[in-house]
Amino acid sequence: MSTRSMIGIQNADGTVKTVYCHYDGYPEHNGKMLLNHYNDKKLTENLIKKGDFSFLAENISDVEYYADRGDDDVEPVTYKNVTEFSQNMEDSWCEYFYILDAAGKWYVSNGEMFGEGENRTFKFALVEDVLADPSIDISKSAVIIDCEGKKITEVKEFVGSVRNSIVKVEFEKSDGSLTERYVTLAPFLIPSDKKPKSDESQMTLEEMSEKDFVRVFSLTDNGWRTVKPSKIKSYSMPEVEFANKDGKFVLSLDME
């Protein structure tokens, strides 16, 4: 039985060039194949340049392209960004969607959407993470892919997440390096001696979006930090446990 998928590559300008694959689209096959044999921009470009195919193989010479048997309308399709691709594919018969992003990382989505209205886009997870931990629920991932030359994160979605739980966020620092933090705005997770004196200085969502500025409490550093939504590479909600110690609930979180 076929497990349909789409495979694409993100270009430097944010456009996404995609093809259709009919068989074995699940991460344990196509995801593993892409990660192990097409983990390179040039290889992926060569893979998709002939268009749609039946199944993915370790070597391009073994891929069965529909064009080779004379089929029509099987050329690669290019979308202006990941959001346009997501919205065009939302009601397709495909079950998985793979993109090699501009940074050279393979991502997979199962079609679950993120955001609202014209900003709706697929939720993605790193293929390597899904293969390493099969229990990962892709539909609950909050990873989104760079749409137009910069990482776009819906401020409303991000702030909503950190106000209710702990969020593991990877972002780009001012020097261009990447770092990650476990952050929150949930009042019950912020130590009493670290809580803001008042809410008077808090910005609205519109102001946060306009100024690209969100102030969050970092559990990693035990202090307040500023995060720029435009610099966020990915974020997700990790598993959190509360242990009862001496009558008090203590946060248990693996932050290795």
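Throughout, read-outs are computed from the coordinates displayed, never taken from laboratory work. Since the structure is predicted, the reported quantities are computational estimates derived from the model, not experimental observations. Here the Cβ positions follow ideal geometry from the backbone for every residue, glycine too, while neighbour counts run over all protein chains shown.
Hey, can you rank 33-44, 60-71, 227-238 by average C-beta count inside 10 Å, highest first?
227-238, 33-44, 60-71
Per residue, how big is the convex hull of the range 85-137 when only Cα atoms are used? Give it in Å³.
85
Among the listed pairs LYS32/LYS156; LYS41/LYS80; LYS42/LYS105, which have their C-alpha atoms separated by more than 23 angstrom in this model?
LYS32/LYS156
Using a Förster distance of 35 angstrom, determine the FRET efficiency expected from the C-beta separation of LYS211 and THR78, and round it to 0.05.
Efficiency computed from Cβ-Cβ geometry: 0.55.
Grab the alpha carbons of the range 5-140, take their convex hull, and tell me the volume per residue in Å³.
Hull volume normalised by residue count: 101 Å³.
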